[in-house]
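Scroll down for the structure; my scribbles are underneath it.
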Amino acid sequence: ELKELNARATGEVAIREAVQEVTAWAQDARFSTTSYSNGGRSTALIKDWKDLTTQVCDFQALLGSLKASHFFGTFADTVTHYEAKLALLDRVLSQLNPIQRKWVYLEPIFARGAMPNEQPRFARVDEEFTSIMQGVADDPRVFSLLRVSNLPETLSAILDQLERCQKALSDFLE
C-alpha cells in the first residue's frame with residue numbers, strides 16, 4: 001500500500017511539473033519581432049517562426065504523452081484546456097506565417113500604386129494584417145494573439161485575398 005501511494009505521488013508530481021512547464025510557457029512566451037518599414041509606416045513582423053512552432057509542437061507532444069499515465073485523471077481538465085489552446089495556436093501560426101511572407105512580398109508592389117484594379121483588395125488585407133500585427137506589437141505574449149475574435153477565419157480570408165492579389169500580379173506579369 002505504501003509503494004502504491006509512493007508511485008501515485010511520484011506519477012502525479014511528474015504530471016504536475018509538466019503542466020506547470022506548459023503553464024509557465026503560456027504565460028511568458030513572447031513573439032520575437034522585427035520592424036518592417038515602408039513609405040513612412042512601420043509594421044511589426046514575427047521572426048523566429050521555427051523556434052516558436054517547435055515549442056508549440058513539443059508542448060503538444062508533452063501533453064499528449066501525459067494521457068498515458070494512470071494518474072492523468074486529476075489533471076485532465078487542465079491538460080485538455082492547454083491542448084485546445086495549443087491546437088488553436090498551431091493553426092493560427094500555420095496561417096499567419098505564409099500570410100506574413102506574402103504580405104512582405106506584395107506590400108512594396110502595391111504601395112507603389114501598381115495594379116490599380118487590385119488596390120482595393122490589397123488595401124483591405126493590408127489593413128487587417130497590420131491591425132493584427134499591431135496587436136502583436138502592443139502585447140507580444142504569444143497566447144494574447146488567441147484573444148482576437150474569429151482569428152482563424154480572418155486569417156483564412158486574408159490568405160485567400162493575398163493569394164488572389166498574387167495571382168493577379170502573376171497574370172499581369174505574364
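The values are calculated or read from the model by the stated rules, or taken from the named source; none is laboratory data. All of these numbers come straight from a predicted model, not from anything done at the bench. Note: ideal-geometry Cβ built from the backbone for every residue, glycine included; neighbour counts use all protein chains shown. Accessible surface areas use protein heavy atoms only, side chains included; no ligands, DNA or RNA. Shrake-Rupley method; radii C 1.70, N 1.55, O 1.52, S 1.80 Å.
Points to keep in mind about this one:
- Single residue of R16, R8, R41, R30 found to be open to solvent by 60 Å² or more (accessible area, probe 1.4 Å) and out of contact with any helix residue (DSSP H, G or I) (no Cβ under 9 Å at 6 or more places or on another chain): R8
- Breaking point among (1) of a type in the set (S, T, Y); (2) open to solvent by less than 50 Å² (accessible area, probe 1.4 Å); (3) in a helix (DSSP H, G or I), for Y36: (3)
- In the range 120-163, the qualifying residues are those that are of a type in the set (V, I, T), touching a Ser or Thr at 6+ places or on another chain (Cβ under 8 Å) and closer than 16 Å to Q100 by Cα, and the one that is surrounded by the fewest Cβ atoms within 10 Å (Cβ to Cβ) is T130.
- Here the range 5-31 is the region considered, the condition is being among the polar types (S, T, N, Q) and free of Cβ contacts under 8 Å to residues at least 60 places away in the same chain, and the residue that is farthest from G64 (Cα to Cα) is N6.
- V104 in contact with a Phe, Trp or Tyr (Cβ under 9 Å, 6 or more places away or on another chain), under 22 Å from V19 (Cβ atoms) and of a type outside the set (F, W, Y): no
- Any hit, the range 39-50, residues being in a helix (DSSP H, G or I) and touching a residue at least 40 places away in the same chain (Cβ under 8 Å): yes
- Considering the conditions (1) farther than 30 Å from P108 by Cβ; (2) exposed (fewer than 14 other Cβ atoms within 10 Å of the Cβ); (3) more than 12 Å from the chain's Cα centre (by Cα), F71 is excluded by exactly one of them, (2).
- Search result, residues across the range 51-64 that are touching a residue at least 12 places away in the same chain (Cβ under 8 Å) and either over 13 Å from V142 (Cβ atoms) or open to solvent by less than 40 Å² (accessible area, probe 1.4 Å) (or both): L52, V56, C57, F59, Q60, L62, L63, G64
- Within the range 82-119, being open to solvent by 70 Å² or more (accessible area, probe 1.4 Å) and modelled with pLDDT of 95 or more holds for K85, R91, S94, R101, Y105.
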